[in-house]
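Novice: Got a structure here, written out as structure tokens. Questions coming.
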Amino acid sequence: MNDIWWQTKGEGNCHLVLLHGWGLNAQVWDCITPELSTHFTLHLVDLPGFGRSRNAGVMSLDDMAQQVLTMAPEKALWLGWSLGGLVASQVALTHPERVLALVTVASSPCFGAQGDWPGIKPDVLSGFQQQLRDDFQRTVERFLALQTMGTESARQDARKLKSAVLSLPMPSEAVLDGGLEILKTVDLREPLAALSLPFLRLYGRLDGLVPRKIVPLLDAAWPDSQSYIFTKAAHAPFISHPDEFCHVLLNLKQNIA
């Protein structure tokens, strides 16, 4: 039995799988699904352990990708936001024949800072793990607030994220902790350099979790991929700039059709 919650909607001739970020669920896409469902057949997923996929439990990145794949169409455009970007990337690495194109949103192949690589300092992620044990609700809310900080619509965007979280039962502390462990330890920089399918990376210039300094580094390391920066967005560009976000995706669809 598969414990993944999955919903298909839309009438487009191209399948699009949408994978959300840490602590959230598929409700985060509500602001763009009406527009996208006229162009794509959308597959909305609650990642294992999150939202309505609560029975799935704690998983490694590869386990998560394999479980999501069991429900996926034979070939689709895969889009992952933040932690979901790692899951979508893992699918592209292990089953490239199932991926029409890969899109990562406000995501990094290596979220943790190390050496000259810019990212989240390991002690910050470890701090979140400790705070989860001390004050579960407040830690999740703080993480959501970080994702919208600096944008013109920060408060409104944070409310949308919070309402997506609160609309469904909260993930367990163990699942949230497991997700942070993936963000802290996974490094896909080298494997993704060999990816030979269409690959689009989307960023927010004001993102405090995925620093824009990684964009030129990955442009150089992955010359076959493309990047796009939303100049006034932070960690959730599809919420702060839904029209621009949909426009970028429709351009990609046209180019790979």
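The values are calculated or read from the model by the stated rules, or taken from the named source; none is laboratory data. What you are looking at is a predicted structure, and each value in this text was computed from that prediction instead of being measured. All Cβ positions, glycine included, derive from the backbone under ideal geometry; neighbour counts span all protein chains shown. Each accessible area value is taken on the protein alone, full model and side chains, heavy atoms only, with ligands, DNA and RNA left out. Shrake-Rupley method; radii C 1.70, N 1.55, O 1.52, S 1.80 Å.
Novice: Report the one residue of I214, N251, L197 whose Cα lies farthest in the direction of the positive end of the charge dipole of the stretch 170-257 (charges on C-beta: Lys and Arg +1, Asp and Glu -1; origin at the Cα centre).
Specialist: N251
Novice: Identify all aspartates and glutamates with a Cα-Cα distance to K9 below 15 Å; exclude those on the same chain that are fewer than 8 residues away in sequence.
Specialist: D30, E35, D46
Novice: Can you give the convex hull volume per residue for the Cα atoms of the stretch 218-257, as a whole number of Å³? Don't skip to the end; give the middle numbers.
Specialist: Numbers: hull volume 3.0 nm³, N = 40.
So the per-residue Cα hull volume is 75 Å³.
Novice: Taking amide H atoms as placed 1.01 Å from N in the peptide plane, list the residues 5 or more away in sequence, or in a different chain, whose amide H sits under 5 Å from that of V99.
Specialist: A76
Novice: Rounded to the nearest 5, what % of DSSP beta bridges with both residues in the chain are antiparallel?
Specialist: Numbers: 7 of 33 bridges.
Close to 20 percent.
Novice: Hey, rough spin-label estimate for D187 and M149, points 7 angstrom out along Cα→Cβ, what's it come to in nanometres?
Specialist: Those two pseudo-labels are separated by 2.6 nm.
Novice: Now for a separate question. How many angstrom separate the Cα center of the stretch 224-251 from the Cα center of the stretch 62-109?
Specialist: Taking the Cα centre of each part, the stretch 224-251 and the stretch 62-109 sit 18 Å apart.
Novice: Around A158, with a cut-off of 13 angstrom between Cβ atoms, what is the net charge of the other residues, counting Lys and Arg +1 and Asp and Glu -1? Each step should come with its number before you reach the end.
Specialist: Numbers: positive: R142, R155, R159, K160, K162; negative: E141, E152, D157.
Once positives and negatives cancel, what remains is +2.
Novice: Also, I was wondering about something else. Over the chain, with the other protein chains present, what is the accessible area per residue in square angstrom, probe 1.4 angstrom?
Specialist: Numbers: 10880 Å² over 257 residues.
Value for the chain: 42 Å² per residue.
Novice: Note down the nm distance, to one decimal, between modelled labels 7 Å out along Cα→Cβ at Q114 and at T231.
Specialist: 3.5
Novice: Count the net charge of all other residues whose Cβ sits under 12 Å from the Cβ of S196, scoring Lys and Arg as +1 and Asp and Glu as -1. Spell out each step's value before the answer.
Specialist: Working: positive: none; negative: E97, D224.
Taking every Cβ under 12 Å from that of S196, the sum is -2.
Novice: Ok, one more. Quick one: if you stick a label point 7 Å off each Cα along the C-beta vector at L250 and T70, how many nm between them?
Specialist: 3.7
Novice: Where the Cα atoms of the stretch 1-70 are projected onto their three principal axes, how long is each span, largest first, in whole Å?
Specialist: Rounded to whole Å, the extents work out to 34, 21, 19 Å.
Novice: Okay, next question. Please state the equivalent ellipsoid semi-axes for the stretch 1-153: what are the square roots of 5 times the Cα gyration tensor eigenvalues, largest first, in whole Å? Walk me through the intermediate numbers first.
Specialist: Values: eigenvalues 139, 61, 56 Å².
Sorted largest first and rounded, they come to 26, 17, 17 Å.
Novice: Could I get the Rg over Rh figure for the stretch 111-187? Both from C-alpha atoms, Rh via Kirkwood, rounded to two places. The partial results should precede the final answer.
Specialist: Values: Rg = 13.5 Å, Rh = 13.5 Å.
Result for the stretch 111-187 is an Rg/Rh of 0.99.
Novice: Convex hull over the alpha-carbon atoms of the stretch 129-257: what's its volume per residue in Å³? Working shown, then result.
Specialist: Working: hull volume 17.4 nm³, N = 129.
Measuring per residue, one finds 135 Å³ for the Cα hull of the stretch 129-257.
Novice: Computing the accessible area with a 1.4 Å probe over protein heavy atoms, can you report the carbon and sulfur percentage for the stretch 94-246?
Specialist: Numbers: 3690 of 7130 Å².
Carbon and sulfur together cover 52 percent of it.
Novice: Let me ask something else. Suppose only helical runs count, i.e. DSSP H with n ≥ 4. What mean residue ellipticity at 222 nm does that imply for the chain under -39500 (n - 2.57) per run, divided by all residues and rounded to the nearest 500 deg cm²/dmol?
Specialist: Value at 222 nm, helices only, nearest 500: -12500 deg cm²/dmol.
Novice: Structure shown: which of K162/K213; K184/K213; K75/K253; K160/K213; K162/K184 lie over 25 Å apart, alpha-carbon to alpha-carbon? It would help to have the intermediate numbers written out before the result.
Specialist: Working: K162/K213 28 Å; K184/K213 18 Å; K75/K253 14 Å; K160/K213 27 Å; K162/K184 23 Å.
Over 25 Å apart, Cα to Cα: K162/K213; K160/K213.
Novice: Sort the following peptides by mean Cβ neighbour count (other Cβ atoms within 10 Å, averaged over residues), highest first: 199-211, 120-132, 222-234.
Specialist: Details: 199-211: 21.5, 120-132: 15.2, 222-234: 17.2.
Per-residue mean Cβ counts within 10 Å order the peptides as 199-211, 222-234, 120-132.
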